[in-house]
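This report refers to the structure that appears directly beneath it.
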Amino acid sequence: MASGGLSRLGKTLRTAAPIAIVLSAALPTLASAQSVSVSIAAEPLDRALTTLAQQSGFDIISTESGLARIRARVVRGQMPPREALRRLLDGTGYRAIAIDARSYRIVRAPVTVAAPRPRPAARKRVAEPENTGDIIVTASKQGSTLLRFPGSALLVGGFAPGSLAARSVTMDDVARDTPVLQNTELGEGRNKIFIRGIADSSFNGPTQSTASLYFDEVPLGFAGPEPSLNLYDMKSVEVLEGPQGTLYGSGAIGGIIHLEPNPTDLATAHASLSGGVTATQGGEAGYDAAGMINLPILTDRVGLRIVGYSERDGGYITDSMRGLGNINRADRLGGRAALTIAPGDGWSIELGALGQTIDAADAQYAETMSGPLERRSVLAQPYSSHIKLARGVVRKHWDSGLDLVSATGYVDLRTFDTFDASRAIGATGPTVYTTEQTDKLFVQEARLSRAVPDRVGWLVGLAFLEDRDVQARALGVPDQPRDIIGVSNRTDSFSVFGEANWPVTERLTLTGGARVTSARTDGEPSVAPRSNSFVKGRATRRIDPTLAASWLVAPRLALFARLQSGYRTGGLAVASGIGRVQDFGSDSIAVVEAGMRKQRTGATGLELTVATSYARWRDIQADLYSRRGQPYTVNIGNADIIGLEATGDWVPVRGLHANFAFLYTHNVVDGPLAQSSVKANRRLPETPAFAGNAGLSYRWTLRDASTLSIGTSGRYVGRSVLGTGDFLDVSQGNYAVLDADLAWHWRKFDVTLAGDNLTNASANRFSLGNPLILASRQQTTPLRPRNIRLGVSVAW
């Protein structure tokens, strides 16, 4: 290894030459665990790393061009060199990869929340961190910075253990607090999430999800609801809007949601615990508890990170027919683990698993004829959701900027629903209708990429997917319902994809790419159908291109434009009528968008993103219910969707944040089913014309060095409809909610008091609870009444 001084380092980083830069000194070699005296001032990170190399005798190499733009923190004291390096890089957007016992390589890390302690109100804000380092969009698969990413993207943070004293967060919570996301409210573990108004249906069925949800490199399912994972110890949630067919294939026609877990720390053991109790006005109390432990098994080589959690959402719905209160209690139990191995020479191996179970005692809907929080039903209508995931990811980084990623994953997602059918079929005794959906998914992806500043960056990859989705149904007396016709679909897909970024000038970068896919779906009814007039198998061959551009107008101001397409495969579904099935075709979408992204240049100032989009969605697939309460799936027609969105975060003085976000959409559905509705209701489901939120928070330091934070936020959700056609165009939404948080942090402890729905607003979030009695048009899903949570967390 060559040795380099400060002047050489600074010059090389400014020219961004793709060679290894070595920061070292001719000092005696030190054991990695031996403490040394470290004294590093607040200076540019490249100089700070040089100083650390001189003081420790370690070799620290990097090809990154952004080190000089990052201000390092002061690090002083007696400590092992690897601990000094960890402190120096913490929150900078860079990380150290061990090469051997005394050598490290500095690379960009997907850091999205860089503040030392997330603000409790961050769950209400889609805002970037305060430091001026580059924020990396991990889901771009090329390590693109947020500023130069040529498309609409949101990065939501604040899920670190300390911040979760504010609340136990799930993807449903993120969707409710983020206007660009929409979700159904059938119950956590069986809800659907949509992005920027690309919503097909409020019902679960065999169609592929319009928004693909990923945990690290592995999708969390193919068809069916979103599993509502607890986000404890999650680093960030990234939302890439618009179809992502080039990089992610079929199903991502609305966009992708990427859950990025915190990585295993191979150098230091640490842990955290969080817990809280929630009181709901007029309802049952709830609780949540979670913990994380990080254990280096072999320092800098092997480490294990384990997360576990348990929580209960107390009920608040009354069933007057059965004389029961607070019936809609729901319990969640789960955990995940990751074993990370860093053998050296740029290699890393991560083996992980997660599991979660949600059990709800009863459905959470009410009926207007009974009262705002009350209904009448003969039977309990419990539901459950179970997910298991196993993954293995191998990564290799070369000093030339070349990166290899190979990811393998298996997901088993099961949901079970029970509905009271007594009233729907006019039975003389209790009658139950059950549905069970099982989705088993295997994925394998390998890709090679190279990202070098000021040069053409590229990515090529192969992907294979195999999914088997089974829909089973039963109807009859509660203890012995009889099986009725269901369907199963098997999808096999193979894709080749690639993308390149070309820096035409210092300010203008063009992006182009394409994905070539060959897929086949084969469907089978569970029993012999009355009619064989359906297609058992269908093949799909597609090319999904991408064209995009990013123009850097000023150092922290960029414009972007993007054109991209996507699709979903067809399949076989239950048809309206008894003992019938029918096939449904694939659908496709093309979207063009343009926008502006401004980032702060310091600790204060304004961050702002504005974007507009136009989408053409053709042959829309939708899972629906008939007037007789029977499910079916059809292609309902076409839709044109226009969107305008913005997010902003203004920091006039340190500690004070004023933020907002909104989404405006205009869409019209054209097709025979949609035309049965009045013109005002010919909209896609779950997509209000306007949704927005705003918040204000302030954080200050007390005399004892503790910090106090206070925040308030409000959100508004406009009117939407349950579904397409005059039978399903039931109104919902059109409500506002006010929340507040108070948090105190001292050393390793956090205490928070959070209040939701402080005005105790009463409104209908979702006009569905039991699809068999939709014809009554009486169902509502009320807001949870005013509730207060006291939370405590500790990290060490």
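Tabulated data
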{"item": "3J(HN,Hα) from dihedral phi, the range 557-568, Karplus parametrisation 6.51/-1.76/1.60, rounded to Hz, x for glycine, proline", "result": "9, 9, 9, 9, 8, 8, 10, 8, 10, x, 7, 10"}
{"item": "Contour excess over end-to-end distance, with Cα ends at LYS536 and LEU273 and 0.36 nm allotted per residue", "result": "89.5 nm"}
{"item": "Two-site label geometry, ALA680 and ALA285: point separation in nm, points 7 Å out along Cα→Cβ", "result": "4.6 nm"}
{"item": "Extension gain from LEU404 to SER762, taking 0.36 nm per residue of separation minus the Cα-Cα distance", "result": "123.7 nm"}
{"item": "Sites ARG628 and ARG520, calculated FRET efficiency, Cβ-Cβ separation with R0 35 Å, nearest 0.05", "result": "0.60"}
{"item": "222 nm mean residue ellipticity, helices alone, for the chain (DSSP H n ≥ 4; -39,500 (n - 2.57); rounded to 500)", "result": "-1500 deg cm²/dmol"}
{"item": "Those aspartates and glutamates that a straight Cα-Cα span of less than 13 Å connects to LYS536, excepting residues fewer than 8 apart in one chain", "result": "ASP522, GLU524, ASP583"}
{"item": "Overall form of the range 453-500 per C-alpha gyration tensor (a/c, 1.5; a/b vs b/c)", "result": "prolate"}
{"item": "Largest-first ordering by accessible area, 1.4 Å probe, given options ARG391, ARG541", "result": "ARG541, ARG391"}
{"item": "Backbone N within the range 365-404 under 12 Å of label point (7 Å from ASP359 Cα along the Cβ vector)", "result": "383-385"}
{"item": "Residues LEU462 and ALA705, FRET efficiency given R0 of 60 Å [Cβ-Cβ distance, rounded to 0.05]", "result": "0.65"}
{"item": "Efficiency of FRET from Cβ geometry, ARG76 and LEU547, R₀ 56 Å, rounded to 0.05", "result": "0.65"}
{"item": "Spin-label proximity, ASP726 to the range 650-684 - amide N less than 18 Å from point 7 Å beyond Cα toward beta carbon", "result": "669-683"}
{"item": "Relative contact order (percent, whole number), the chain, Cα cutoff 8 Å, 6+ residue spacing", "result": "11 percent"}
{"item": "In Å², nearest 10: area of PHE749 left accessible to a 1.4 Å probe", "result": "90 Å²"}
{"item": "Residue-wise HN-Hα coupling along the range 229-241, computed from phi with Karplus coefficients 6.51, -1.76, 1.60 (Hz; x: Gly, Pro)", "result": "5, 6, 9, 4, 6, 8, 5, 6, 10, 10, 10, 9, 8"}
{"item": "Cα gyration tensor shape of the range 207-333, rounded if a/c is under 1.5, else prolate or oblate by comparing a/b with b/c", "result": "oblate"}
{"item": "DSSP H segments from the chain that extend 15 Å or more along their own axis, Cα-based, with Kyte-Doolittle mean of -1.0 or above", "result": "45-56"}
{"item": "Carbon and sulfur %, accessible surface of the chain computed with the full protein complex present, 1.4 Å", "result": "59 percent"}
{"item": "Too-long pairs where the Cα-Cα distance tops 26 Å, listed order kept, from LYS235/LYS388; LYS235/LYS598; LYS235/LYS396; LYS396/LYS598; LYS235/LYS748; LYS141/LYS748", "result": "LYS396/LYS598; LYS141/LYS748"}
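The values are calculated or read from the model by the stated rules, or taken from the named source; none is laboratory data. The structure presented is a predicted model; accordingly, all values stated were derived computationally and were not measured. Cβ: placed from backbone, ideal geometry, glycine included. Neighbour counts: every protein chain shown. To get the accessible areas, we keep the full protein, side chains included, count just its heavy atoms, and leave off ligands, DNA and RNA. Shrake-Rupley method; radii C 1.70, N 1.55, O 1.52, S 1.80 Å.
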